[in-house]
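Structure record follows, encoded as structure tokens.
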């Protein structure tokens, strides 16, 4: 391969007495002519390599067939209507619909496919006024975390002139009189110093029909610029709550005041000593899911008239399984538990006494659930590796579960199976892993295997449906998902065992999964690929440089790679509670430098075939990580295996990505694996 030449600088920086070379820092300058020329050359190399793979067109055609099925969201009842999203199959973006009953003909509320010619504007936020005549909605362009909020007259299909900018990660909290809403936003970027764009989050009140410049400041914490706020209006319309968060730290704070008040907020929970998720309220009594003194979660009640901790009441105590999430519906707590990385639903009365369990159809996941306290039903979307997302309705009156939307896919799942296994990590920790493959699989050590992982930020990898995975197993492959430490599969202790100075546990778990698959003759090293994205890209990058001998291929997506400088870019500082800060802490530098993929690439090593994938407008994990990693690996690699960088245009970290781009991206990934493993197409 004619790999583009990459200029190497002699830049060295001192970290607490340790000199660290950073020869490709110039690639961080995304808009420079040199970086753009280098990026275009690298992307052309990758595209030409991938386009020349003969099986790619067959993969793209079959993947298009597998993607072509109706995809529904759960219905959400608001006022006299139900609202849901539907993608007919190959639409770039799902369309928002409204219907007066579950059986009536739906009408279009917003079709985001009309907002851009290439499908790169996505609908990412929705909130209805109490009387359901107005919709506040956010849009994101080219996968950006930044949103613009607009307000639509639902019946008239027209928008107000109001446009709210500089928001991300914020609710739209309507006051019940429909006169406006609360939201949070960051400073206008050109009014602050570079690098300060994601500090000093503030809560505002927006009056319907007015310009954003007239919005009223409701709350700020100039003494703590790193805090951010998510406004919530209680279902009874009486209280405005602020979920106060600090980056990705699960430990949060809760402030509140009455909606009608303009007085100071009550700092109900201000210690940042645990995670507190607001479930609902009964007047002044607030219900929370928390891991305080319960790493697997419990439900408590706090009477705001007597908020002292000694007065808190425990309603649903901690159990063996982890609470994934809980809602208050029809005077019941609807609690979804994690049992060995798959979901179960249990119902409790509002006093905490157990009511019943809702039996799910198979080992799988709830990917969304909807219902409110005053409603007598709830809806959820259930899925598994071989079970496409199916919408269910639970009726409290009859205590029955029924299917509302059941998609039809071009795939016979009866020929395949998913099993769960457990394997020991390096330190003996028992780690679960899901395996999906064709029934009758021969464990002869020769099956192409794709091993996926994440391991961080309390993210649990529960069974998820993927057309890409269907194609892989249809063609004789094994799809493996390891539930590594750092996630929430077994609660906060499991999470903390894979963060900060214990991050190496996550890599050890993943390496042990690969070794177990080989030792148990599911596959062999030349036919074993690893894959992960974002924090999972860090995972694959670290495992690549630590054990290059163990894998036959690596697919590393939108990765965090430079662990000494990650916090300097966009929202990277949000991740400091998870990763640490090498710049300001000598202790943190020691363990970050020890595993940082960028700094542990070794000269003269034969690295396996590696496909690195990123996007030019990713404003969460900037593409500089992937670019510097590519340059470093290409320079150090002593073998002939390809190390290529695929750079997607007009795309971000993954949110709102058009189906057309998804199909092309996954086709390239599969083609890379087919060529690397010398797999032939099975008709």
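The values are calculated or read from the model by the stated rules, or taken from the named source; none is laboratory data. Just so it is clear, the model here is predicted, and its values are computed rather than measured. Here the Cβ positions follow ideal geometry from the backbone for every residue, glycine too, while neighbour counts run over all protein chains shown.
Being touching a helix residue (DSSP H, G or I) at 6+ places or on another chain (Cβ under 6 Å), surrounded by 15 or more Cβ atoms within 10 Å (Cβ to Cβ) and within 30 Å of residue 234 (Cα to Cα) narrows it down to one of 96, 63, 123, 59, so name that one. I'd like the intermediate steps shown before the answer.
On the way: 96 fails: touching a helix residue (DSSP H, G or I) at 6+ places or on another chain (Cβ under 6 Å); 63 fails: within 30 Å of residue 234 (Cα to Cα); 59 fails: within 30 Å of residue 234 (Cα to Cα).
Unique residue meeting the criteria: 123.
Go through the residues of region 49-72 one by one and say whether even a single one is modelled with pLDDT of 95 or more, under 22 Å from residue 629 (Cβ atoms) and out of contact with any strand residue (DSSP E or B) (no Cβ under 9 Å at 6 or more places or on another chain). Let's see the steps before the verdict.
The initial filter retains those residues of region 49-72 that are modelled with pLDDT of 95 or more, namely 49-72.
When the remaining residues are screened for being under 22 Å from residue 629 (Cβ atoms), the result is 49-50.
Then keep just the ones that are out of contact with any strand residue (DSSP E or B) (no Cβ under 9 Å at 6 or more places or on another chain); that gives none.
The answer is no, given that none of the residues of region 49-72 is modelled with pLDDT of 95 or more, under 22 Å from residue 629 (Cβ atoms) and out of contact with any strand residue (DSSP E or B) (no Cβ under 9 Å at 6 or more places or on another chain).
Could you tell me whether region 281-304 includes any residue that is over 22 Å from residue 232 (Cα atoms), surrounded by fewer than 21 Cβ atoms within 10 Å (Cβ to Cβ) and in contact with a strand residue (DSSP E or B) (Cβ under 7 Å, 6 or more places away or on another chain)?
yes
Out of all the residues in region 327-346, which are touching a residue at least 60 places away in the same chain (Cβ under 8 Å) and either under 22 Å from the mean Cα position of the chain (by Cα) or assigned to a helix (DSSP H, G or I) (or both)?
Within region 327-346, 338, 340, 341, 342, 343 qualify.
Enumerate the pairs (first residue in region 299-326 and in contact (Cβ under 8 Å) with a residue 60 or more places away in the chain; second residue anywhere and assigned to a strand (DSSP E or B) and crowded, with 19+ Cβ neighbours inside 10 Å) with beta-carbon separation below 7 Å, excluding pairs fewer than 6 apart on the same chain, so at least 6 apart or on different chains.
322/337; 322/338; 324/336; 324/337; 324/338; 324/343
For the subset of region 227-237 comprising residues that are touching a strand residue (DSSP E or B) at 6+ places or on another chain (Cβ under 6 Å) and not in a strand (DSSP E or B), which member is farthest from residue 577 (Cα to Cα)? Before the answer, list the steps.
First, pick out the residues of region 227-237 that are touching a strand residue (DSSP E or B) at 6+ places or on another chain (Cβ under 6 Å): 227-234.
If we keep only those that are not in a strand (DSSP E or B) as well, we get 227, 234.
Values: 227: 13, 234: 29 Å.
If we take residues in region 227-237 being touching a strand residue (DSSP E or B) at 6+ places or on another chain (Cβ under 6 Å) and not in a strand (DSSP E or B), then 234 is farthest from residue 577 (Cα to Cα).
Yes or no, residue by residue, for (1) in a loop (DSSP other than H, G, I, E, B); (2) in contact (Cβ under 8 Å) with a residue 12 or more places away in the chain; (3) touching a helix residue (DSSP H, G or I) at 6+ places or on another chain (Cβ under 7 Å):
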position	(1), (2), (3)
199	yes, yes, no
204	no, yes, no
218	no, yes, no
225	yes, yes, no
248	yes, yes, yes
251	yes, yes, no
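Return only the number of the condition from (1) farther than 25 Å from residue 647 by Cβ; (2) touching a helix residue (DSSP H, G or I) at 6+ places or on another chain (Cβ under 6 Å); (3) outside any helix (DSSP H, G or I) that residue 69 does not satisfy.
(2)
Test residue 541 against the criterion of being in contact with a strand residue (DSSP E or B) (Cβ under 6 Å, 6 or more places away or on another chain), assigned to a helix (DSSP H, G or I), buried (at least 24 other Cβ atoms within 10 Å of the Cβ) and touching a residue at least 12 places away in the same chain (Cβ under 8 Å), and give yes or no. Walk me through how you get there before you give the answer.
On the way: in contact with a strand residue (DSSP E or B) (Cβ under 6 Å, 6 or more places away or on another chain): yes; assigned to a helix (DSSP H, G or I): yes; buried (at least 24 other Cβ atoms within 10 Å of the Cβ): yes; touching a residue at least 12 places away in the same chain (Cβ under 8 Å): yes.
Yes.
Condition check: at negative phi, part of a helix (DSSP H, G or I), surrounded by fewer than 17 Cβ atoms within 10 Å (Cβ to Cβ) and touching a residue at least 12 places away in the same chain (Cβ under 8 Å). Does residue 594 satisfy that? It would help to see each step written out before you state the result.
Details: at negative phi: yes; part of a helix (DSSP H, G or I): yes; surrounded by fewer than 17 Cβ atoms within 10 Å (Cβ to Cβ): yes; touching a residue at least 12 places away in the same chain (Cβ under 8 Å): yes.
Here the answer is yes, as residue 594 does meet what is asked.
For region 162-191, give me each residue that is within 11 Å of residue 204 (Cα to Cα) and in contact with a helix residue (DSSP H, G or I) (Cβ under 7 Å, 6 or more places away or on another chain).
Residue satisfying the conditions is 164 alone.
Six or more apart or on different chains, Cβ atoms under 6 Å: show the pairs whose first residue is in region 473-490 and more than 15 Å from residue 434 (Cα to Cα) and whose second is at pLDDT below 95 and surrounded by fewer than 24 Cβ atoms within 10 Å (Cβ to Cβ).
475/682
Checking residue 267 against (1) free of Cβ contacts under 8 Å to residues at least 40 places away in the same chain; (2) closer than 27 Å to residue 223 by Cα; (3) assigned to a loop (DSSP other than H, G, I, E, B): exactly one of these is not met. Which one?
Of everything listed in (1) free of Cβ contacts under 8 Å to residues at least 40 places away in the same chain; (2) closer than 27 Å to residue 223 by Cα; (3) assigned to a loop (DSSP other than H, G, I, E, B), residue 267 misses just condition (3).
Okay, residues lined up against (1) buried (at least 22 other Cβ atoms within 10 Å of the Cβ); (2) assigned to a loop (DSSP other than H, G, I, E, B); (3) in contact (Cβ under 8 Å) with a residue 24 or more places away in the chain:
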residue: 530; (1), (2), (3): yes, no, yes
residue: 555; (1), (2), (3): yes, no, yes
residue: 567; (1), (2), (3): no, no, no
residue: 584; (1), (2), (3): no, yes, no
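Going by the conditions given, is residue 682 surrounded by fewer than 24 Cβ atoms within 10 Å (Cβ to Cβ) and either at pLDDT below 95 or in a loop (DSSP other than H, G, I, E, B) (or both)?
Details: surrounded by fewer than 24 Cβ atoms within 10 Å (Cβ to Cβ): yes; either at pLDDT below 95 or in a loop (DSSP other than H, G, I, E, B) (or both): yes.
Yes.
Yes or no, residue by residue, for (1) surrounded by 11 or more Cβ atoms within 10 Å (Cβ to Cβ); (2) under 30 Å from residue 674 (Cα atoms); (3) in contact (Cβ under 8 Å) with a residue 40 or more places away in the chain:
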{"site": "2", "(1), (2), (3)": "no, yes, yes"}
{"site": "6", "(1), (2), (3)": "yes, yes, yes"}
{"site": "11", "(1), (2), (3)": "yes, no, no"}
{"site": "19", "(1), (2), (3)": "no, no, no"}
{"site": "28", "(1), (2), (3)": "yes, no, yes"}
{"site": "38", "(1), (2), (3)": "yes, yes, yes"}
{"site": "43", "(1), (2), (3)": "yes, yes, yes"}
{"site": "47", "(1), (2), (3)": "yes, yes, yes"}
{"site": "51", "(1), (2), (3)": "yes, yes, no"}
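Kindly provide the set of residues from region 104-159 that are part of a loop (DSSP other than H, G, I, E, B), within 30 Å of residue 653 (Cβ to Cβ), over 21 Å from the mean Cα position of the chain (by Cα) and in contact (Cβ under 8 Å) with a residue 24 or more places away in the chain, ordered by number. Let's see the steps before the verdict.
Keep residues of region 104-159 that are part of a loop (DSSP other than H, G, I, E, B), which gives 104-106, 111, 115-120, 129-133, 142-146, 154-157.
Applying the additional criterion that residues be within 30 Å of residue 653 (Cβ to Cβ) yields 111, 115-120, 142-146.
Among the residues that remain, those that are also over 21 Å from the mean Cα position of the chain (by Cα) are: 111, 115-118.
Selection gives 115, 116, 118.
Residue 418 is checked against (1) under 20 Å from the mean Cα position of the chain (by Cα); (2) farther than 27 Å from residue 592 by Cα; (3) outside any loop (DSSP other than H, G, I, E, B) and fails just one. What number does that condition carry?
All conditions pass for residue 418, except number (1).
Given the options 471, 517, name the one that is at negative phi and either surrounded by fewer than 24 Cβ atoms within 10 Å (Cβ to Cβ) or part of a strand (DSSP E or B) (or both).
Details: 517 fails: either surrounded by fewer than 24 Cβ atoms within 10 Å (Cβ to Cβ) or part of a strand (DSSP E or B) (or both).
The match here is 471.
For residues that are out of contact with any strand residue (DSSP E or B) (no Cβ under 6 Å at 6 or more places or on another chain), closer than 24 Å to residue 97 by Cβ and modelled with pLDDT of 95 or more, scanning just region 139-162, find the one that is surrounded by the most Cβ atoms within 10 Å (Cβ to Cβ).
Taking the candidates together, the pick is 153.
If you go through region 425-448 one residue at a time, how many are under 26 Å from the mean Cα position of the chain (by Cα) and outside any loop (DSSP other than H, G, I, E, B)?
We begin by selecting, within region 425-448, every residue under 26 Å from the mean Cα position of the chain (by Cα); these are 425, 429-437.
Okay, now just the ones that are also outside any loop (DSSP other than H, G, I, E, B), so 430-437.
The total comes to 8.
From the set of residues in region 77-88 that are within 19 Å of residue 130 (Cα to Cα) and either at pLDDT below 95 or more than 22 Å from the chain's Cα centre (by Cα) (or both), which is surrounded by the fewest Cβ atoms within 10 Å (Cβ to Cβ)?
Ranking the candidates gives 80 first.
Counting only residues that are closer than 13 Å to residue 333 by Cα and either touching a helix residue (DSSP H, G or I) at 6+ places or on another chain (Cβ under 8 Å) or part of a loop (DSSP other than H, G, I, E, B) (or both), how many does region 347-397 have?
Residues that pass the stated criteria total 11.
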